[in-house]
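The values are calculated or read from the model by the stated rules, or taken from the named source; none is laboratory data. Note that this is a predicted model, so its numbers are computed, not measured. Virtual Cβ from ideal backbone geometry, glycine too; neighbours counted across all protein chains shown.
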Amino acid sequence: MGATPSTAVRTAQFLADHDGVITTAQARELGLTDDQIRYKTSEGLWIPHARSVFLSAEHHMTPIGSLRVATAAHHGVVDRTSAAWLHGLTRDVSSPVTLSVPRSGHGSAYCAVETTVRRRSFPAEDLTRVRGVPTTGLALTVLAASSAMKDGIAMMDRALQKKVVTLGELRAALNRNSGAYGMAQAREILTSAEDLSESELERKFVRFLQRRRISGWKQQEWVGDRRMDFVWPAEQVAVSLHGWAFHRSHDRWERDQETTNMLIGLRWLPLIFTWKRLTYSPDDVFRELTTAIDQRQIAA
């Protein structure tokens, strides 16, 4: 029942290159007969993880191996958080595997890898392969993951900082997939990255202060030799507002450090709030700001 040496060598190399994952169709392409495939499964040499999808007993299941199993089992495309990991945008692999399958597709009824499946077809421009695994392209992955992940905004910001993707590429991918699930939030995030100016961020903070009935502040006031975004002169609290990091140059970053050190030297309390936190964690911003003001009033 053994395979010919050439077939055995090709099969061993294929398994090594594909993290131990192989399908019946791939085995046949390598020259194995159906009897040889059945022998390997019956002897426990290949372990079924879905219909016609196997993991070699000589291999441990790896994160990318789980993606290979899921895509083969469901005839799908890795997307969202799993795609972000596959593209190297995040360090931690997501669980369950996030996958999309064509609306007309028929995947396996059984898959040993936990998978979240959505029915969705993608434009050809937004499909690619990473290490042979079918996945969404980089720009669409950034958009989809930014609305699906807890730290998705930071992930998009890092991608823009490192220039692995551009605003133009993100906007083009958004336009191609505008009606898809999660794209409404992705549009809001991308728009802020494209258009958010310092003055708009300051107006957002003013509205925040007014809604929360926080008083005693002044805007664009000088402290020492630096003009601060917002200050509470009586309490000596200074607030700096930060937008997207990819907009900030290294020189600006160093100047921010100098400003913080200067404020501390003058016994002022420096606080930094970002667009992301003002938008998605306003209660936390309110608590931190009011706590700082209250503590300064008590100390006085």
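For region 263-276, check the following and say yes or no: at least one residue is surrounded by 15 or more Cβ atoms within 10 Å (Cβ to Cβ) and of a type in the set (Lys, Arg). Taking every residue of region 263-276 in turn, at least one turns out to be surrounded by 15 or more Cβ atoms within 10 Å (Cβ to Cβ) and of a type in the set (Lys, Arg). Which ones in region 40-90 are part of a helix (DSSP H, G or I), closer than 16 Å to Gly137 by Cβ and not aliphatic (A, V, I, L, M)? Once the filter is applied, which keeps residues that are part of a helix (DSSP H, G or I), closer than 16 Å to Gly137 by Cβ and not aliphatic (A, V, I, L, M), region 40-90 yields Thr71, Arg80, Thr81, Ser82, Trp85.
Condition check ((1) touching an Asp or Glu at 6+ places or on another chain (Cβ under 7 Å); (2) over 28 Å from Met262 (Cβ atoms); (3) not assigned by TED's automatic domain parsing to the domain that holds Thr260) across all residues:
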{"residue": "Ser178", "(1), (2), (3)": "no, yes, yes"}
{"residue": "Glu202", "(1), (2), (3)": "yes, no, no"}
{"residue": "Trp217", "(1), (2), (3)": "no, no, no"}
{"residue": "Asp225", "(1), (2), (3)": "no, no, no"}
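Among the residues of region 148-201, those identified as of a type outside the set (A, V, I, L, M) and over 18 Å from Ala245 (Cα atoms) are Glu169, Arg171, Asn175, Arg176, Asn177, Ser178, Gly179, Tyr181, Gly182, Gln185, Arg187. Residue selection: Ala234 fails the criterion of being under 30 Å from Thr81 (Cβ atoms), of a type outside the set (Val, Ile, Thr) and outside any strand (DSSP E or B).
The conditions of being surrounded by 20 or more Cβ atoms within 10 Å (Cβ to Cβ), of a type outside the set (Val, Ile, Thr) and either under 20 Å from the mean Cα position of the chain (by Cα) or over 24 Å from Met183 (Cβ atoms) (or both) are met by Ser56. In the set (1) over 20 Å from Leu278 (Cβ atoms); (2) surrounded by 15 or more Cβ atoms within 10 Å (Cβ to Cβ); (3) at pLDDT below 95, Phe246 fails one condition alone, (1). A Cβ distance below 7 Å, combined with a sequence gap of six or more or placement on separate chains, defines the contacts here; from region 166-181, residues that are basic (Lys, Arg) reach residues that are in a helix (DSSP H, G or I) in the pairs Arg171/Leu190; Arg176/Glu125; Arg176/Asp126.
In this structure, does Val9 turn out to be touching a Lys or Arg at 6+ places or on another chain (Cβ under 7 Å) and not assigned by TED's automatic domain parsing to the domain that holds Asp79?
The answer is no for Val9.
Against the condition touching a Gly at 6+ places or on another chain (Cβ under 9 Å), on the phi < 0 side of the Ramachandran plot and touching a residue at least 60 places away in the same chain (Cβ under 8 Å), how does Ala84 come out, does it pass? Answer is yes for this residue. Summed over region 131-161, the residues that are modelled with pLDDT of 90 or more and in a loop (DSSP other than H, G, I, E, B) give a count of 3.
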